[in-house]
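The values are calculated or read from the model by the stated rules, or taken from the named source; none is laboratory data. Everything numeric here is computed off the predicted structure, so don't read it as measured data. Here the Cβ positions follow ideal geometry from the backbone for every residue, glycine too, while neighbour counts run over all protein chains shown. Ligands, DNA and RNA are excluded from the accessible area calculation, which covers all protein heavy atoms including side chains. Shrake-Rupley method; radii C 1.70, N 1.55, O 1.52, S 1.80 Å.
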Amino acid sequence: MAQIIKGDEIAKTITDKIKDEISNLDVKPKLAVVLVGEDFASEAYVRGKVKAGKRVGIEVDIVRFEQEVSEEKVIDVIKQLNSDEKVDGIIVQLPLPEHFDVAKIVNEISVEKDVDGFTYYNAGRLFRGNPLLSPCTPQGAMYMLEAMNVEISGKHAVVVGRSNLVGQPLARMLTAADATVTLCHSKTKNLKNITSQADILIVAIGQSRYITADYVKEGAIILDVGISRDEHNKLSGDVDFDNVFDKVSMISPVPKGVGPLTVAMLLHNTLKAYKGELCG
Ligand code: NDP
């Protein structure tokens, strides 16, 4: 029977520390969230960020635009936020409407305020082993392993999903932590053969309950990053939790798994940007 990794409790230990630290500051950190259109899921994520910020004392300003807004208008506002000394962190809530070039918009964010770690500059720093601000979900997953005292060095870590936001930076972080890493994706042949060799298996594919017991090794540690809705509109991860539960040694659930860590890392990055604690 597996140990359940309680992401919400781990996140609370991080946010409690952030809250304590901020309570001693005269000027509170501020995060600006650029939100375009009225995507239902984005609205919910942004509400979650505002609430989490409020709990620790980080002011979260939402800068809203209508769906039809031009790229130029959004870029102008990002430039203003870059030069606003009261703003410590800036994120652009994704997805953006289809007429937007996401990379172009995100790369307008000043690298010292890029608390999602999505700019080319910050991605490059991470990949060269000298990160400034790292993306929140992979950082949260790594924090989760650390909090659970998982020995990473020398382990075979398999990451399924190679997005720029999750899978690739996570594979890089695991490599930096001395794991032997295999990165899989939709064109991977014999996925099952590979995942069932993983000591640590991290799945970020967005396919509800795709990973079943035949994909996992006995005693493996599983982090489930995926967030989908099942046929009953219930939140579900990429891993069939009930099916693998008796076979693995640790597993993060969905919800209350990696998700809360993502938000905690956003607050962590915002405080880091506020303090200017960014190694040169
Ligand atoms: P993307 O859609 O950008 O990437 C999905 C990746 O999964 C791609 O690399 C794709 O391969 C791969 N993939 C898809 N289907 C399969 C399959 N059947 N077998 C193997 N690989 C597959 O998604 P994201 O990385 O942005 O997000 C992944 C999931 O994580 C989503 O459910 C998302 O909602 C969730 N998420 C959760 C967060 C949290 O805080 N918990 C934060 C961010 C995301 P290919 O490259 O070949 O197309």
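Taken together, the residues in segment 66-116 that are free of Cβ contacts under 8 Å to residues at least 12 places away in the same chain and of a type in the set (A, V, I, L, M, F, W, C) amount to 1. Scanning segment 232-280 for residues that are among the polar types (S, T, N, Q) and more than 10 Å from the ligand (Cβ to nearest atom) yields Asn233, Asn243, Ser249, Asn269, Thr270. What do you reckon, is Asn149 more than 12 Å from the ligand (Cβ to nearest atom), modelled with pLDDT of 95 or more, outside any loop (DSSP other than H, G, I, E, B) and not basic (Lys, Arg)? No, not satisfied. Residue under question is Arg55, and the condition is that it be of a type outside the set (A, V, I, L, M) and under 21 Å from Lys30 (Cα atoms); does it hold? Against the criterion (of a type outside the set (A, V, I, L, M) and under 21 Å from Lys30 (Cα atoms)), Arg55 qualifies.
Go through segment 185-213 and report how many residues are in contact with a Leu (Cβ under 6 Å, 6 or more places away or on another chain) and free of Cβ contacts under 8 Å to residues at least 40 places away in the same chain.
Here is the first cut: in segment 185-213, the ones in contact with a Leu (Cβ under 6 Å, 6 or more places away or on another chain) are 195, 202.
Retained after the next criterion (residues that are free of Cβ contacts under 8 Å to residues at least 40 places away in the same chain): 195.
Summing the residues that are in contact with a Leu (Cβ under 6 Å, 6 or more places away or on another chain) and free of Cβ contacts under 8 Å to residues at least 40 places away in the same chain in segment 185-213 gives 1.
Grab the helices (runs of 4 or more DSSP H) fully contained in segment 1-115, keeping just those with 1 or more residues being out of contact with any Leu (no Cβ under 7 Å at 6 or more places or on another chain) and open to solvent by less than 30 Å² (accessible area, probe 1.4 Å). Talk me through it step by step, then tell me what you get.
Working: elements: 7-23, 40-56, 71-83, 102-106.
The helices (runs of 4 or more DSSP H) meeting that bar are 7-23, 71-83, 102-106.
Annotation note: of Lys187, Lys217, Lys192, Lys234, the sole residue that is modelled with pLDDT of 95 or more and farther than 22 Å from Gln168 by Cα is Lys217. Looking across segment 159-187, the residues that are within 6 Å of the ligand (Cβ to nearest atom) and hydroxyl-bearing (Ser, Thr, Tyr) come down to Ser163, Ser186.
Suppose we filter segment 194-231 for residues that are at negative phi and within 13 Å of the ligand (Cβ to nearest atom); how many remain?
21
Residues considered: Leu278, Leu174. Of these, the only one that is modelled with pLDDT under 95 and under 26 Å from Val115 (Cα atoms) is Leu278.
Does segment 61-72 contain any residue that is out of contact with any Pro (no Cβ under 8 Å at 6 or more places or on another chain) and farther than 24 Å from Ala32 by Cα? There is no residue in segment 61-72 that is out of contact with any Pro (no Cβ under 8 Å at 6 or more places or on another chain) and farther than 24 Å from Ala32 by Cα.
Of Met148, Met142, which residue is under 16 Å from the mean Cα position of the chain (by Cα), assigned by TED's automatic domain parsing to the domain that holds Ile211 and either open to solvent by 20 Å² or more (accessible area, probe 1.4 Å) or without any contact (Cβ under 8 Å) to a residue 24 or more places away in the chain (or both)? Step through it out loud before you land on a result.
Numbers: Met148 fails: under 16 Å from the mean Cα position of the chain (by Cα).
Answer to the check: Met142.
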